[in-house]
1. Just to be sure before I move on: is Glu127 acidic (Asp, Glu) and more than 23 Å from Glu38 (Cα to Cα) in the structure I sent?
2. What number of residues within segment 45-61 are in a loop (DSSP other than H, G, I, E, B) and not small (Gly, Ala, Ser)?
3. Between a residue in segment 173-188 that is on the phi > 0 side of the Ramachandran plot and any residue that is among the hydrophobic types (A, V, I, L, M, F, W, C), which pairs come within a Cβ distance under 6 Å, given they are 6 or more apart or on different chains?
4. Right, Ser208: among the small types (Gly, Ala, Ser), over 19 Å from the mean Cα position of the chain (by Cα), modelled with pLDDT of 95 or more and on the phi < 0 side of the Ramachandran plot or not?
5. Is it the case, given these coordinates, that Thr12 is hydroxyl-bearing (Ser, Thr, Tyr) and at pLDDT below 95?
6. Working only within segment 199-215, note down all residues that are surrounded by 10 or more Cβ atoms within 10 Å (Cβ to Cβ) and out of contact with any helix residue (DSSP H, G or I) (no Cβ under 9 Å at 6 or more places or on another chain).
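The values are calculated or read from the model by the stated rules, or taken from the named source; none is laboratory data. Being a predicted model, the structure only gives us computed values, none of them experimental. Cβ placement follows ideal geometry from the backbone for every residue including glycine, while neighbour counts extend to all protein chains displayed. Keep in mind that these areas ignore ligands, DNA and RNA; they rest on the heavy atoms of the full protein, side chains included. Shrake-Rupley method; radii C 1.70, N 1.55, O 1.52, S 1.80 Å.
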Amino acid sequence: MENLSVAIVGGTGNLGGALALRLGAPGVRIIIGSRDAEKAKKAVETLKPTLRAGEMVGMTNQDSIRGADYVVIAVPYEGHAQMVQDIKGQVAGKIIIDTVVPLNKGKPFVPPAGSALQEAQQILGDEAPVVGALHNISAVDLADVDSPLGDVLVCGDKSDAKEKVMEIIRRIGARAFDGGPGSNAYVIEGLTGVIISLNRKYKSKHGSIRIVGIGEEPGH
Ligand SMILES: NC(=O)c1ccc[n+]([C@@H]2O[C@H](COP(=O)([O-])OP(=O)(O)OC[C@H]3O[C@@H](n4cnc5c(N)ncnc54)[C@H](OP(=O)(O)O)[C@@H]3O)[C@@H](O)[C@H]2O)c1
């Protein structure tokens, strides 16, 4: 993981910052992206005292993706399609990890493409594989790098890209399962709406999912 470079577009937000801390712990190089380079640098200053290991820098979204092996999309759904359009043409050879859940005032909906993942893949075409992951994990749990995580369903149409993403997920402390093709993404994305309802109902910030009945350590 020490040689791995991950750009997080929208990395100044809740999920991006929390994921940066998790990925940093096993030594990943993190590039925090923002629409505003100064905001990215400030986010890095805030995160660095909590960063256990690894290296972290901040810059514009456009600059962040340049040296990265993986690009995590961590913006609200409203900015999703535009963000993917903005990175198109610069992500050949990289793997896109899409965490975005289409939500309207906390309620999930199915976008015209079928899911956020399919929207991104339609925009990028064959340029880069889009892998959906981390939708059902809370930023609060990710940020506390020693806290246990729920299971992560990873979906997408390229098996080799999914395997690589699942390996990263395992290294940050979660069990990762192959959740099937990109056409499954709307279910996994939408499940976050259920988890939001559960968190509200039961006054929690830690709702997540657990897969049972198909082995303790898939892929191992
Ligand atoms: N929070 C969670 O626990 C969680 C868990 C699973 C999945 N997710 C998903 O992860 C994504 C990010 O969630 P979040 O809670 O981190 O969101 P957030 O804090 O509201 O936003 C993340 C960042 O996105 C950028 N941004 C905001 N609006 C934008 C727009 N219209 N266009 C481009 N960039 C924009 C902002 O960065 P700059 O102003 O610096 O550009 C912001 O700091 C969402 O799609 C969410 O569904 C979140």
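1. Details: acidic (Asp, Glu): yes; more than 23 Å from Glu38 (Cα to Cα): yes.
Judged against the criteria, Glu127 is a match.
2. Qualifying residue count, segment 45-61: 2.
3. Matching pairs, first to second residue: Gly173/Leu149; Gly180/Cys155.
4. Spelling it out, it is not the case that Ser208 is among the small types (Gly, Ala, Ser), over 19 Å from the mean Cα position of the chain (by Cα), modelled with pLDDT of 95 or more and on the phi < 0 side of the Ramachandran plot.
5. When the stated conditions are applied, Thr12 does not pass them.
6. In the first step, residues of segment 199-215 are kept if they are surrounded by 10 or more Cβ atoms within 10 Å (Cβ to Cβ); the result is 199-200, 204, 206-209, 211, 215.
Listed by number, the residues that qualify are Asn199, Arg200, Ile211, Gly215.
To keep it simple, each residue is scored yes or no on (1) part of a loop (DSSP other than H, G, I, E, B); (2) open to solvent by 20 Å² or more (accessible area, probe 1.4 Å); (3) closer than 29 Å to Asn104 by Cβ.
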| residue | (1), (2), (3) |
| --- | --- |
| Ala40 | no, no, yes |
| Ala43 | no, no, yes |
| Asp63 | no, yes, no |
| Gly67 | yes, yes, no |
| His80 | no, no, yes |
| Asp86 | no, yes, yes |
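Yes/no per residue for (1) within 22 Å of Glu127 (Cβ to Cβ); (2) of a type in the set (A, V, I, L, M, F, W, C); (3) at pLDDT 95 or above; (4) within 13 Å of the chain's Cα centre (by Cα):
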| residue | (1), (2), (3), (4) |
| --- | --- |
| Val44 | no, yes, yes, no |
| Glu78 | no, no, yes, no |
| Gln85 | yes, no, yes, no |
| Leu103 | no, yes, yes, no |
